Structure formats: structure tokens, C-alpha cells
1. From the cross-link list A:204/B:111; A:240/B:111; A:237/B:111; A:200/B:41; A:81/A:204; A:142/A:199, which pairs have alpha carbons spaced over 26 Å apart?
2. At R0 = 35 Å, how high is the FRET efficiency between residue A:294 and residue A:237 if r is their beta carbon distance? Nearest 0.05 is fine.
3. What 222 nm value per residue comes from the helices of chain A, counting each DSSP H run with n ≥ 4 as -39,500 (n - 2.57) and dividing by all residues, nearest 500 deg cm²/dmol?
4. Please list B:17, B:29, B:186, B:203 in order of solvent-accessible area, largest first, computed with a 1.4 Å probe with all protein chains present.
5. So how far apart, in nm, are the two label points at residue B:190 and residue A:33 if each is 7 Å from Cα heading toward Cβ?
6. Can you sort A:405, A:390, A:116 by solvent-accessible area, 1.4 Å probe, largest first?
7. So how much accessible area does residue A:187 have, in Å² to the nearest 10, using a 1.4 Å probe?
8. For the pair residue A:353 and residue A:264, what calculated FRET efficiency results from E = 1/(1 + (r/R0)^6), where r is the Cβ-Cβ distance and R0 = 25 Å, to the nearest 0.05?
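The values are calculated or read from the model by the stated rules, or taken from the named source; none is laboratory data. Predicted model, so just to flag it, every value in this text is computed and none were measured. Counting neighbours? That spans all protein chains shown, and the Cβs are built from the backbone with ideal geometry, glycine included. Heads up: the accessible areas ignore ligands, DNA and RNA and are worked out on the full protein's heavy atoms, side chains in. Shrake-Rupley method; radii C 1.70, N 1.55, O 1.52, S 1.80 Å.
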Amino acid sequence: MSGPVIQVEGLSKRYWLDQRPRERYVALRDVLAGAAKGFLRRLSGRGGSTTRDEFWALRDLSFEIPRGEAVAVVGRNGAGKSTLLKILSRIVEPTAGRALIRGRVASLLEVGTGFHPELTGRENIFLNGAILGMRRAEIRRKFDDIVAFAEVERFLDTPVKRYSSGMYVRLAFAVAAFLEPEILVVDEVLAVGDATFQKKCLGKMGEVTAAEGRTVLFVSHNMSAVTQLCRKAIWLKGGKLQAVGDAATIVRDYLAHDAEQVAERTWDWPADGPRRAPGDDRVRLLAGRVFQDAELSGVIDINRPMEIEVEFQVLRPVRDLIAGCTFTNSLGTCLFNRCDWKPNQLGPGRYRKRLQIPAQVFAEDRVSVLIQLVFYDPDVGSVLQPDILHFETVDSDAESPVRGHFKGVWPGVLRLGLPWADAERIPDPAAPLRANL
Amino acid sequence: MLEPELVIEAGRTERQYWRDLWRYRELFYFLAWRDILVRYKQAAIGIAWAVLRPLMMMVVFTLVSRRLKLPEGGVAYPVLICAAILPWQFFASAVTEAGNSLVENANLLTKVYFPRVIVPGSAVIVSLVDFLISTVLLAGVMAWFHVWPTWRIVALPLFLALAFAAAAGLGLWFAALNAKYRDFRYALPFLIQLGLYASPVLYLSSLTPENWRLFYAINPMVGVIDGFRWSVGAVDFHWPTFLVSCASAALLLFSGVQNFRRMERGLADLL
């Protein structure tokens, strides 16, 4: 039997954006109060319906995926990738359109879904397997393979709360990897775990598609994993299909036209109205910015200095506010962190701080910035905003680049322009003897 | 090779639902097993807790009712109370656990698909296991007061099934409401408390005025508790109340499932 295993036609998903986004949940109290208010309003003759904004997470999406193909879904955050996977995994229902799926689908939207920290590794394998749709007999049959793949033999009867995060991820992936569905839906799970294990997972997934004729649908921000694993790719933009085709071509186009560069992120701090700036009653983060040559820039030349600007509002007098930035590359590797430990005392008001980064620090990559505004007391973390800024780093034709005149791939996650001292002549004890030969 | 063909469409899931429920039947067992395992791993006194709780309630209630000089109905008062407390405790904990189950498992529900009714369903099963353990208490109390079981005890599972249906029905209602309205969980313990007084746990249902008795039996726990008491030989059987309770439990279960199914489709968007 051939033909597409996944056939999507006009798939759409609409979400309603509530007018009051600060309230995450509907409260019965508000519904009752609202109904009473509405009733009174109707009595008094003053009509007026509350308007809601709609938001289409997916709009009229159509594509087909043939059997035995590994297909990547690429796109920015909010392009609808996760929504698509959730619909195909039947976690949410589409608003319109249809999807036809031939075969058993297993979705791996998060590693270790349903793991319970109190239970042992052995117990969690059974639980997790059942949640993912495996029969008890099936799990028992694959049990040894799962354990061997995860490399946790010695800790099988230890509660997983005592596991290291690496072991935890390995075990969780292993259960899913042996699920043997016809269609495997994977969302960004490879962003965790150490490099060796990531490689092992990629190998396993490649094996699954090539040898066993299974279909893999793979969402990732890791473009090298995408090109390594998938032959085809789907590019989503704003909930719509931008392009379908050869993975290498799609990835190149996506990086060139759609890759996320966020040189500035700001939050409103109006005198009245909703105050959504992250933080607490002491300090709120208002903005983060990336500067080069005194201009906002999402593309940074690694051979020139740059600055990260942090703007914040202090609400009541504070002592020793620690501002910091953590830089992460596209593989999720933390490059470095820099905090400002200087003692300080700040009264209420608006402030700006700048972190200066000299030339020749970053390698060519995509760098994400976490901004933190915290205090010494570990219990009171004020602001910790991960990945709010993103910039591309490019190597330019500088006077003396770290890579010299070499144009190929240069190793290292950083490209520090550390000074080499000139060669100095040192005494050679054997020199006179050699001179006589 | 025959492969299942699945169509995902707005409002389409109904047809595959019951088939899926069968396919995922083992998950009922696994989720219940997880909750029981975790609970008894964490509690220091472990399994004794299931017996200790109704025992304490029984002692308190017996002392209180001695003071109130409630009629006993021919059998030692502790037996009477015990036969009521056990099913009540099952019902109350099943409804509470099922009611909170969706919100507690939100992480699971937004990440992986399976028929959602399994989550509150297995919460009820956990309470059932507790109940089965606590029947030790009933046997103990009956032996202590020399109340020997007759053939009537055979009917006990029937009344348990009635309690199960009522608890599952109400549990599904509460689970759905709880997922939709997050402040509902504050009302839940209060409603359960109210239910305790609306059920004949502390007193005998025959105390209600005769012309109100059928109306009173709309509370399915009236039928359950009367049934339990009848099974241990404490009261006479009253068919009309039993039938009303059965009908009401069936209605509760049916409407609970219907409402839950309706809510379920948008569940992942709610949590």
C-alpha cells in the first residue's frame, strides 16, 4: 500500500484572544458576575456585546506526506508548528479542514510526559509506555532494549527524582523511541540531553525512517539536525504554508528570510491599564536591546564591539539589584553569563544599564539572550526572561579576524580574539655543538 | 497490512472515541496504579490510612449520635455508622479526586492524546481500591458486635456498583466544571460537606417524613447507604427509594459522560 500517510486539507485552527489577557483562567465567579451584569444591562436597555479578538494559529493548510519520509516543520515561534503537531496528535481539534492519517501516531511533544518523580525507572517505563499507547505485553517485550538504549541499568529501581537530568531524558526518549508507531511526531525533544545522546537519538530516528519505513514529522529550531535528519521540509509562516520542498533548500531560504532576529523587545508600562512587564512588586523589565555602532541591530559583526541594553522600572527602593545576561547559541549551549555584582541602591524610577561586549567574542551563529534582574536572596527571583533577544552573528572582512585568512568552517562556540605574544628568542643550550657539525 | 485510518476534523472525534477507549483500556489500570503507588509510597503509615480515616470518623459519629439519642434500628450503632461511612467515604473521595484529576494532570493532557475520560475514571478506581481495603474495618466492627452476615451480604457489590455510577457521574461533571472554571475547586469541598448531611450517614433515612422520602432518594447515596445497611441486616429494604436512587444515578452518569464529552474537545485549549 502506498500513497500519502498524512493528508492535510485546508486545516485551520482559531483561538479566541480574551480581552483581558492577564486572567489566564475563566473564573466561575466572573462568569456569574458577567451574566448578572449583562442581564442588568439588557434590562436598562444599554446593549453592547463584549468583543473578542480572533487569532488564527493555522490558516488553510494543505500538504501531503508520503510514507517513510522524515519531514521537518520549520518556522518562527508562533508560526503554528506546535499547533499543527497538536492537531495531528489529536490533542486539540481543528476549527476547520481535515487531516487524514493512515497508521498509528505517536507524539513526542515533550520528553518524559507522565513521568512521576516518586516512581522508579522501571515503574516509569511501564507508566510512560502506557500513556504513549503501548500494551503491557509490548512494553515487557521491549523492556530490555529500552533500558539498554537509555543506559540506566544500574538505576532501574531508583526513583527518577534522584536521576540526573541526562539520565531522565535518556530514559524518556528511549521509551518513545521503541514505540514503533507508523508515524512519529517529534517536537524539539532533541534540545535536551548531552551531545552524545543527541547523536544517538538522531541515529535512531534516521534508522526508523530508513530501515523500517516509518514516517517522522519533526519540529526543531536546530537547523543542522533538520538537514541531517530530514529530506523534506515544510515552512510555516504566520500559520500559513510558505513553502514545501527539499529540506536543504527550505532551511536555506528560511534562514535567509524568516529566521528570528529580535534586536529589541519592549513592554508597556502605562500609567493606567494592564501592566504586563515581567517582574514583581520591586522591579519590572521594560526593554532589552541589541546595539552595534549605536544602532539597534539583529545582525552583529563579530569583529566589532556590541552592547546589550536593559531598561527597567524600579517600583520601590531596592538594594543590590543584580542585572545579568546569559548568552546561548543555536544548539542550546550556554556560551557565558555576565552579571553586575556591584553593590547598589536604587530609588523608584526608570533605569538603563548597558553590557559592553568587545569585538571577537562570538562565533558565527544565532545567539539568544536571557535577561535577569535578581537579588542576592535566592528565594526572590524577580525577572528571568529567557530568549528575549536573538541576533545573528556574522564574520566580516576584518583587519585581523580570528580565523585569519582561512575561509572554511572554524571550530569553537566562541571566537575569542585572545592575544598571542610575539615569538621571543630563548637560549638553546645545544646550539654551539650543532654549529660545529 | 491493514492500518487504521484516522480522520481528524472539527467535531469528528466521536466515532473513534469508544474504539480508542477500548484500545487504551490498560491506561485505566496504569494511572490508578500510579496514584496508589505514589500515595502509599509517600504516606508513612501507608495502607493503614485507608482504614484509619473511616475508623476515626466512625468513632466520632458514634459518640455524637449516642448523645443525640438517635434510634438504632436493631443493630449496634457502630455497625450502622460503619456501613454508611464506607460507601460515603468512597463516594466523597471519588468525586473529589475525579473532580480535581483533569487539572492535576494538565501537563499530561496537553502533551499526549488518549481518551480523556480515563483520567477521572482512574481517579474513581483509586478510591475504589481504598474502599476495598477499608472493608476490613466493616468486617472487624461486625465481628466485634457479633453481627453475622446473612445471604444479604451477596448484594453488596450491587450497591457498590450504584455508588460507583453515582460517583463517576458526579465526578465527570465536577472534572469538566473544574477544568472550565478554575475557582470551582474552592466550592467542591463545601459541596461534598453539604452532601454528607444530605445523605443518611449520621441518621437513618427512615427518619425522613414519608411523603418526602422519594424526593429525598434523588440523592443516589440514599439508595446506596440504605442498601449497605440492609446488606448487613440493619434495616428493611425500601424498593421505591432504591429505584429512585438507581434512576438518579443512571441519569447522573449519562449526563456526566455527555457533558464531559462536549467539554473534552476543547480541553487542551482550556488547560
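1. Values: A:204/B:111 22 Å; A:240/B:111 23 Å; A:237/B:111 23 Å; A:200/B:41 34 Å; A:81/A:204 23 Å; A:142/A:199 22 Å.
Over 26 Å Cα-Cα: A:200/B:41.
2. Details: r = 32 Å, r/R0 = 0.90.
Using R0 = 35 Å, I get an efficiency of 0.65.
3. On the way: 9 runs with 105 residues, N = 437.
Calculated from helices alone, the mean residue ellipticity at 222 nm is -7500 deg cm²/dmol.
4. Numbers: B:17 5, B:29 105, B:186 150, B:203 55 Å².
Sorted by accessible area, descending: B:186, B:29, B:203, B:17.
5. Reported label-point gap for residue B:190 and residue A:33 is 1.5 nm.
6. Numbers: A:405 170, A:390 10, A:116 45 Å².
So, going from the largest accessible area down, we get A:405, A:116, A:390.
7. 30
8. Values: r = 15 Å, r/R0 = 0.61.
E(calc), rounded to 0.05, equals 0.95.
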